[in-house]
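Below: the structure, in C-alpha cells.
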Amino acid sequence: MAGYIKNWSINDIKRQVWSMTYEVTNPRNDGFTTWPIKQDLYALKWAIEDALEKCPTYSTEKEWLEEQEKQREQDKIIGILKS
C-alpha cells in the first residue's frame, strides 16, 4: 500500500482565510479593494465543495459532521456572549 505525503498545513490555510476575512471586513478598505478578495473566498468555497463531492462517504462521517456542527454553534454562541 502506497502512502502519501501531506504537503499542506490546515493551520496555514485557515490563517490565510482569516487574513482575507480581516481585509474584507476592515472598515478602512473600500469595495474596490475588498470585492476581489471576497471573490477569492468564493473560489475557494467552490473548489472545496467540488473536492468534497468527489470524496467517498465514510462510516463515521455523519456523526463527526454533526459533532462539528454542534461545536461550531457553541463557539458562535460563546463568541456572541463574549462581545
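Taking only the stretch 51-62 into account, find how many residues are surrounded by fewer than 10 Cβ atoms within 10 Å (Cβ to Cβ), over 14 Å from the mean Cα position of the chain (by Cα) and either not in a helix (DSSP H, G or I) or not basic (Lys, Arg) (or both).
Qualifying residue count for the region: 7.
Within the stretch 6-52, which residues are modelled with pLDDT of 95 or more and of a type in the set (D, E, K, R)?
If the condition is that a residue be modelled with pLDDT of 95 or more and of a type in the set (D, E, K, R), then 12, 14, 15, 23, 28, 30, 38, 40, 45, 49, 50 are the ones that fit.
Residue 48: in a helix (DSSP H, G or I), surrounded by 10 or more Cβ atoms within 10 Å (Cβ to Cβ) and within 12 Å of the chain's Cα centre (by Cα), yes or no?
Against the criterion (in a helix (DSSP H, G or I), surrounded by 10 or more Cβ atoms within 10 Å (Cβ to Cβ) and within 12 Å of the chain's Cα centre (by Cα)), residue 48 qualifies.
Return yes when residue 76 is among the basic types (Lys, Arg) and either surrounded by 10 or more Cβ atoms within 10 Å (Cβ to Cβ) or modelled with pLDDT under 95 (or both) and no when it is not.
Criteria met by residue 76.
The values are calculated or read from the model by the stated rules, or taken from the named source; none is laboratory data. On a predicted model such as this, the values are computed, not experimentally measured, just so you know. Don't worry about glycine lacking a Cβ; one is built from the backbone with ideal geometry, like all the others, and counts go over all protein chains shown.
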